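The values are calculated or read from the model by the stated rules, or taken from the named source; none is laboratory data. Bear in mind that the values here come from a model prediction, so they are computed numbers and not experimental data. In this analysis, Cβ positions are derived from the backbone assuming ideal geometry, glycine residues included, and neighbour counts consider all displayed protein chains.
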Amino acid sequence: MAHEPPNDDKKDENIANNSEMDEDIEYTQGMHPNSLKALKKNYFPKGVSPNPIGRPMKWDAMARALNEIGDELARPYFCKGDEDITKRRVVMEKCWDRAMRGEIAFIKMLAFLGCLDTKD
């Protein structure tokens, strides 16, 4: 049985049939059938978030532990006389001290947080 060479006439017919089916239809943005297939059914009305409390904080446990430690008293190193002072207060005072010495990073931080604004 000898192999026959491919019939070029049939190949041309297939190409002609495909080009007739693929007419140049212009769709407006987002209205192409393939785009519409990709859309999922909207379960939430417009303006309502499916996750109202937002993304969970990555370091939540660490933040809680640091907050507890911040409330502890900073004895004996940072107490001014008989006054009890928390570790949190010591850090805040250090930030102000370094800003008062002219350290730009601390000045920028206090400005960003609104701590340099007047109380008027």
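Suppose we keep only residues that are in contact with a Gly (Cβ under 7 Å, 6 or more places away or on another chain) and not β-branched (Val, Ile, Thr) within the range 83-103. Which one would you say is surrounded by the fewest Cβ atoms within 10 Å (Cβ to Cβ)?
For the range 83-103, the residue satisfying everything is 88.
Would you tally the residues in the range 90-114 being touching a residue at least 12 places away in the same chain (Cβ under 8 Å) and within 21 Å of residue 71 (Cα to Cα)?
Qualifying residue count, the range 90-114: 4.
Could you pull out every one of the helices (runs of 4 or more DSSP H) wholly within the range 1-110 that has 2 or more residues that are at pLDDT below 80 and of a type outside the set (Ser, Thr, Tyr)?
8-21, 33-38
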